[in-house]
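Contents: one structure, followed by commentary.
None of the figures in this text is laboratory data; all of them are computed from the coordinates on show. Fair warning: this is a prediction, and the values are worked out from it, not measured in the lab. Note that each Cβ is placed from the backbone with ideal geometry, even for glycine, and that neighbours are counted across all protein chains shown.
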Amino acid sequence: MNITDQVLAALLVYGLPVLFGVILICSVGVPFPISLMLVAAGSFVEQGDMKLWQVIAVASFAAVLGDQIAYALSRWGGRRLINRLSRRIGGEAKVKQAEALTKRWSGAGIFLSRWLLTALGPWVNVASGIAAYPWRRFLFWDVLGEVLWVILYVGIGYAFSNRVQAIAEILGNLAWVIAGLIVTVILGWQLVRYVRPKPEPDPG
Amino acid sequence: MKKLEWRQWLVVLAFVLVVSVTGLFTVRTVRRAIYWHYHQDEPIRPWMSLGYIAHSYSVPPWVLHQALGLPPTPDRRPIREIAREQHRSVNEVIAILQDAIVHARPPYPPPGPPPPPDNIPTKNPSPGQTQGRSP
């Protein structure tokens, strides 16, 4: 019995508390077959073993709570560590730059890493916390993204309720394809900038 | 200047690496999708309940309950629990279920309605239930 079987068997027997617990620790960064669990929950809803609104409410709440814990730990634990390190080693300006960048782009990053690029989720939580991204905005994008994630995966489970194992396998691979494509585009753009001749500096 | 070139090579390396990994996962995704397109049945796993297996394989649940000697009442337990209770291995239970599924599908006659709870079923009822199935 692998970990997936254990988690799904527990979900079947104990229901919502397992859903809550597993999603919570996954949001903090422990890797579990979480998409498979949501797809399975969707299937159980379709078969009348679980209630749709309960699954969506509990899963969303657990995900958001886990993200907030990771954010808080990084913000008040990680930030102190970064400050101390940068004071000792130097590079305070760079830390400030990284923070400014995160503050500017994090909204989209937080939102997309909740439901599309789920592999990046825990990292974005930590990065947002360390960069002291405004908490209210983090919460806003977090709730929006996580609810979408839960509805999406439970919906897929509901629609393909007789093919949980198959769908989850495909989704698991697909998540990496999407993340890989986005990183490819970013790196490719970087390469294009290297190859292209630099623009002439403005005269005067 | 030198430092920048070194960094550019690093980006090239990262790019090649990411493209390869993405390609690998794309191939895997497509292969899985094609596989599941042609294989209607997913393998029975220890986490599945009898209800889920019946749903997934489109057979009446009572057929599976009967195969394991269980009453035809809804049972949410994963089959590994049932196996433990019956002092069987999970693989043994899976084999019994697969056998029952094979016999509940064409070319075998459809299983028909569930048996009344008190009677022990001995054969398939209602031979008139062919529902226009073409050979």
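Compute the FRET efficiency between residue A:190 and residue A:81 as 1/(1 + (r/R0)^6), taking r as their Cβ-Cβ distance and R0 = 41 Å, and round to the nearest 0.05. Efficiency at R0 = 41 Å is approximately 0.90. For the protein assembly as shown, the spread of Cα positions along the three principal axes, ordered from largest to smallest, is 96, 42, 33 Å.
Assuming charge only on the beta carbon of Lys and Arg (+1) and of Asp and Glu (-1), the dipole of the protein assembly as shown about its Cα centre is about 1660 debye to the nearest 20. Peptide B:78-87 is shielded by partner chain Cβ atoms: per residue, an average of 2 of them sit within 10 Å of its Cβ. Rounded to 0.05, the FRET efficiency of the residue A:108 and residue B:27 pair, given R0 = 25 Å and the Cβ-Cβ distance, is 0.30.
Counting Cβ atoms of other protein chains within 10 Å of each residue's Cβ and taking the mean over peptide B:22-30 gives 6.
How large is the charge dipole for the range B:4-73, taken about the Cα centre, if only the Cβ atoms of Lys, Arg (+1) and Asp, Glu (-1) carry charge, to the nearest 20 debye?
Values: 5 positive and 3 negative charges, 24 e Å.
About 120 debye.
Computed from backbone phi, the HN-Hα couplings of the range A:43-56 come to 5, 5, 5, 4, 8, x, 7, 9, 9, 4, 5, 5, 4, 5 Hz, rounded to whole numbers (Karplus: 6.51 cos²θ - 1.76 cosθ + 1.60, θ = phi - 60°; Gly and Pro given as x). Rounded to the nearest Hz, the phi-derived 3J(HN,Hα) couplings of the range A:18-32 under the Karplus curve 6.51 cos²θ - 1.76 cosθ + 1.60 (θ = phi - 60°) are 5, 4, 4, x, 5, 5, 4, 6, 5, 5, 6, x, 6, x, 10, where x marks glycine and proline.
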